[in-house]
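Every read-out reported here was derived from the displayed coordinates using simple, explicitly stated rules and does not represent laboratory data. None of these values were measured; they are calculated from a predicted model. So basically every Cβ, Gly included, is an ideal-geometry build from the backbone, and we count neighbours across all protein chains shown.
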Amino acid sequence: MHKKRGKFITLEGIDGAGKSTQLERIAAFLRTKGLSAMVTREPGGTPLGEQLRTLLLDKTSAMHPETEALLMFAARREHLDRVIMPALNQGKWVVSDRFTDASFAYQGGGRGLAFEKLETLEQWTLGATQPDLTLYFDVSVELGQQRINRLTVDRFEQERDDFFQRVRAAYLIRVEQFPQRIHCIDASQSLTEVQLEVDRVLEQLT
Ligand code: TYD
């Protein structure tokens, strides 16, 4: 029998927004609904993608912003082809810690690349494929910075506050552009409140 296609959920937010805490919990919630769910992340998710992640997050890597964007999309192309699409086609639900909105926010907003260039890469890499649902965890830059583990800061986390202000502003533009797909959650609330809201949104999708 042909299995029903799974759904694709992505989590987004500035560093320190708390989305990684939600990742496994969301998959567990979906499993309680009898769904098969897997978690993955970007950049990464495949052996090549994880190697690219190491390069991209390494504080000693120096690269042009366009190189950074191209590597993000290169990792994404592999991820989509080898992990995300096969899983969805097998009827699994896929929850990814970050996806394309992060490129618009970080490389577009943060690094200042034109959104049109990123749209070209998106079209080339993904075609019409989009997440079924994106949960965007919104926090102020101040709160995000407080929550970052200072002992393990990577190449992005070491950026200054104004970088994260631009990243957050770009995320908020995406929220306005795609109100059907992106659900904005106030992640400055308590963990319990955030979880309740996440569960409410998921309940509607399952
Ligand atoms: P993150 O997901 O925050 O992982 P961790 O919780 O281990 O720090 O780290 C990934 C970093 O990569 C994050 O700072 C945002 C950045 N990033 C981009 O700049 N563009 C992208 O397209 C993606 C997917 C991530």
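Placing pseudo-labels 7 Å out from each Cα toward the beta carbon at F178 and E119 gives an inter-label distance of 1.4 nm.
A crude spin-label estimate for the pair S36 and S61, with each label 7 Å from Cα along the Cβ direction, gives 3.2 nm.
Going through the cross-link list K59/K92; K4/K117; K33/K117; K7/K59; K19/K92, which pairs have a Cα-Cα distance over 31 Å in this structure? In this structure, K59/K92; K4/K117; K33/K117; K7/K59 lie more than 31 Å apart at Cα.
Annotation: the stretch 109-206 has a Kirkwood hydrodynamic radius of 15.5 angstrom, from the mean reciprocal C-alpha pair distance.
What the Cβ-Cβ distance of S140 and M85 gives, at R0 = 41 Å and to the nearest 0.05, is a FRET efficiency of 0.70.
Each peptide in 98-109, 43-54 gets a packing score, the mean of other Cβ atoms within 10 Å over its residues, and the list from highest to lowest is 98-109, 43-54.
The dipole here belongs to the chain: it is taken about the Cα centre, uses +1 on the Cβ of Lys and Arg and -1 on the Cβ of Asp and Glu, and is about 760 debye. Taking a ≥ b ≥ c as the square roots of the Cα gyration tensor eigenvalues, with a/c under 1.5 meaning rounded and otherwise prolate when a/b beats b/c, else oblate, which class fits the stretch 1-73? Verdict is prolate for the stretch 1-73. Computed extension gain for L48 through R200, at 0.36 nm per residue and net of the alpha carbon distance, reaches 51.2 nm.
Packing here is the average count of other Cβ atoms within 10 Å per residue, and on that basis the peptides 177-187, 16-26, highest first, run 16-26, 177-187. Please list the helices of the chain that count as membrane-span-like by this rule: a mean Kyte-Doolittle hydropathy of at least 1.6 together with Cα atoms stretching 18 Å or more along the helix axis, each helix being a complete DSSP H run. Flagged H segments: there are none.
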